[in-house]
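Engineer: What follows is a single structure, and I will ask about it in a moment.
The values are calculated or read from the model by the stated rules, or taken from the named source; none is laboratory data. From a predicted model like this one, the values you see are computed outputs, not experimental measurements. Quick reminder, even Gly has a Cβ in these numbers, built from the backbone with ideal geometry, and neighbours come from all protein chains shown. With ligands, DNA and RNA removed, areas are computed over all heavy atoms of the protein, side chains included. Shrake-Rupley method; radii C 1.70, N 1.55, O 1.52, S 1.80 Å.
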Amino acid sequence: MAHLRSRRRLALAVPVVLSLTASLGFLPAAASAAPAAPTATATAEQAADAPVLSYVVNTKADHRTVAKVKRAIAAADGEIVIAYEKIGVIVVRSANGDFAKTLRTVPGVQSAGATRTAPLAPAGTTDAGSAEYLTAADAAKLKAASAKTPGSEPLEADQWDLRAIGADKAAKINPGSRNVTVAVIDTGVDDTHPDLAPNFSKSQSANCFGGAPDTTPGSWRPYTADDYHGTHVAGEIAAARNGVGVAGVAPGVKVSAINVTDPANGLFYAEAVVCAFVFAADHGVEITNNSYYVDPWMYNCMDDPDQRAIVDAVNRAQLYAQRKGTLHFASAGNSNHDLASDAIDDASSPNDTTPVPRTIDPSECFDAPTQLPGVVTISATGSENLKSYYSSYGNRVIDVAAPGGDGRYQLPDTPSKNGRILSTMPNGEYAWLQGTSMASPHAAGVAALLKSKHPWLPPVALQALLKSQANNPGCPASYDQDGDGTQDATCEGGRQVNGFYGHGIVDALRAVK
């Protein structure tokens with residue numbers, strides 16, 4: 001599972017309501033002195049030997065400019081996969097080693113760069129640790145305990161996370177509306193799972209690998225049982241209350257799947273994520289959950305033209321979706337990093353070839369999509385409502401917190417005593433996982449309940465309401481989790497907003513009341 005969730009967030013002082021171009025004010029203008037239609041620089045011999053890479057070319061979003069750029073792409077030995085003309089993003093494949101450099105000189109091109117450092121292979125996430133599958137003995141114990149509470153799902157006795165945010169009580173008042181869909185942009189979802197099938201929306205699902213949507217039936221499913229991440233996330237959001245297994249935070253809403261992973265390596269490349277945001281927006285999705293970062297860079301630095309182009313393309317797509325009414329949720333990461341600090345060590349990038357350790361400035365190097373404007377960034381908590389030991393944090397970076405599990409220091413009084421999150425897995429199974437990957441879908445589920453009650457709220461207002469209803473425990477007096485006398489993280493801020501919890505831990509019960 002590549003990297004499903006090691007995150008941070010960009011404090012761009014840019015209102016979401018601004019235009020796409022204005023919102024990208026941190027990007028420089030396109031070069032002004034340049035030939036109109038450059039010729040290809042790669043020789044036939046070079047093209048034959050060069051690897052094929054994927055690129056994003058970002059242009060002014062008007063038909064005339066896009067048409068001119070398309071001609072320049074062809075002249076530079078580029079093959080267009082798909083052009084998202086309404087946001088000015090063109091996905092291209094090319095074996096020309098100078099392709100991006102050449103396109104950056106074309107009038108109307110605002111940024112262009114490779115989305116990966118490894119060649120395209122023939123046809124990661126933010127959970128912390130491997131999955132612990134539910135055994136038959138575990139299931140029997142949980143069913144017996146759950147039966148003591150009328151109306152509970154068979155495995156609900158172990159779902160401390162639902163009780164922590166009042167989701168069990170909220171479901172009795174309003175389980176959510178079937179007019180609300182949460183799209184899981186992830187490793188795919190097994191829609192045949194008995195807990196997911198009742199609420200799954202096939203018409204809002206696709207596979208976006210490569211940059212263009214494939215809506216062939218089943219294309220949205222995980223490639224293998226090891227690609228379980230998206231299925232687990234989907235269950236946390238909307239597992240049905242149907243007398244089977246577990247329950248989701250919003251068991252009455254719909255959930256869809258947009259698979260964005262590379263089948264060869266499981267990574268999340270920019271062209272796939274761009275496709276996912278546009279697809280979600282164009283298919284009426286109200287909320288997206290994003291428990292990953294865009295590979296291969298954990299942080300994309302603006303002084304690198306390739307990384308700049310990645311941020312530009314993904315930001316255009318996610319802002320397009322926001323303008324069409326979609327609110328995005330993203331996990332904060334599992335590195336226990338202070339995302340509001342002056343420097344962060346990144347030893348994992350690029351993760352598709354050989355990583356080169358570097359120290360980045362989080363105000364200039366951005367995690368996409370987590371740090372993009374308008375995206376709701378989520379930290380993780382355990383059963384004692386403390387920040388999970390692994391969760392990244394940061395004052396004025398974290399928006400809200402939600403249960404993500406803590407199997408090391410916060411063990412609940414449940415039948416299994418397991419501090420992680422129990423949810424659905426491919427092939428009808430169940431397992432415990434923990435991570436900010438698990439926190440984000442809890443917050444997305446609460447937002448789905450709010451959207452169900454207030455269907456006309458736009459993304460900005462929906463986010464504001466979510467924050468206003470959150471419960472903030474404030475910074476703890478001490479955060480020495482391992483008891484060695486040294487603080488394991490420092491919480492900055494006050495009772496209303498702080499680095500551990502943002503505006504507070506989400507509250508499902510308040511959402512439906």
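Engineer: Lone cysteines in the chain, defined as no other cysteine's Cβ under 4.7 Å from theirs: which are they?
Structural biologist: Unpaired cysteines in the chain: none, every one has a partner Cβ under 4.7 Å.
Engineer: Here's a follow-up. Provide the FRET efficiency to the nearest 0.05 for the D98-D226 pair, computing r from the beta carbons and using R0 = 41 Å. It would help to have the intermediate numbers written out before the result.
Structural biologist: Numbers: r = 38 Å, r/R0 = 0.92.
Efficiency computed from Cβ-Cβ geometry: 0.60.
Engineer: Using a 1.4 Å probe and counting only protein heavy atoms, arrange H229, H63, H337, H454 so the residue with the most accessible area comes first.
Structural biologist: Ranked from most to least accessible, the order is H63, H454, H337, H229.
Engineer: Just to confirm a number: summing +1 for Lys and Arg and -1 for Asp and Glu over residues other than A212 whose beta-carbon lies under 12 angstrom from that of A212, what do you get?
Structural biologist: -1
Engineer: Now for a separate question. How much length would be gained if the chain were fully extended between D484 and N336, taking 0.36 nm per residue of separation minus their Cα-Cα distance, in nm to one decimal?
Structural biologist: Stretched out fully, the D484 to N336 stretch lengthens by 51.6 nm.
Engineer: Not counting ligands, DNA or RNA, and with a 1.4 Å probe, what is C491's accessible surface area in Å² rounded to the nearest 10?
Structural biologist: Counting only protein heavy atoms, C491 exposes about 30 Å² to solvent.
Engineer: What does the charge count near R93 come to, summing +1 for each Lys or Arg and -1 for each Asp or Glu among other residues with Cβ under 13 Å from its Cβ?
Structural biologist: -2
Engineer: Report the relative contact order of region 279-408, percent, no decimals, based on alpha-carbon pairs under 8 angstrom and at least 6 residues apart.
Structural biologist: Here the relative contact order equals 28 percent.
Engineer: Sticking with this structure for a sec: Nearest-5 percent of antiparallel DSSP beta bridges in the chain?
Structural biologist: The antiparallel fraction comes to roughly 55 percent.
Engineer: How much net charge surrounds A76 when only the other residues with a Cβ under 15 Å from the Cβ of A76 are counted, with Lys and Arg +1 and Asp and Glu -1?
Structural biologist: Here the charged neighbours net out to +3.
Engineer: Can I ask one more? Report, in listed order, any pair from K86/K254; K169/K467; K169/K451 with a Cα-Cα distance greater than 23 Å.
Structural biologist: Distance filter (> 23 Å) returns K86/K254.
Engineer: Nearest 0.05, what FRET efficiency do T216 and A464 give at R0 = 45 Å with Cβ-Cβ as r?
Structural biologist: The pair T216/A464 has a calculated efficiency of 0.70.
Engineer: Still on this structure: Please give the per residue accessible area of the chain, computed with a probe of 1.4 Å over protein heavy atoms only, in Å².
Structural biologist: Result: 35 Å² of accessible area for each residue.
Engineer: In region 438-513, what chymotrypsin sites (Phe, Trp or Tyr not before Pro) fall in a loop by DSSP, with at most 11 other Cβ atoms inside 10 Å?
Structural biologist: W456
Engineer: Right, something else. Indicate the gyration tensor shape class of region 281-389 (rounded, prolate or oblate), computed on the Cα atoms with a ≥ b ≥ c the square roots of the eigenvalues: a/c under 1.5 is rounded; otherwise a/b larger than b/c is prolate and the rest oblate.
Structural biologist: Taking the square roots of the gyration eigenvalues as a ≥ b ≥ c, region 281-389 is oblate.
Engineer: How many percent of the accessible area of region 135-287 is carbon or sulfur, using a 1.4 Å probe?
Structural biologist: 54 percent
Engineer: Give, as ranges by residue number, the residues of region 432-459 whose backbone N falls under 18 Å from the point 7 Å along Cα→Cβ of N179.
Structural biologist: Residues passing the 18 Å test: 447-459.
Engineer: In nm, to one decimal, how far is the S363 label point from the R495 one, both placed 7 Å along Cα→Cβ?
Structural biologist: Taking the simple label geometry, S363 and R495 are separated by 3.0 nm.
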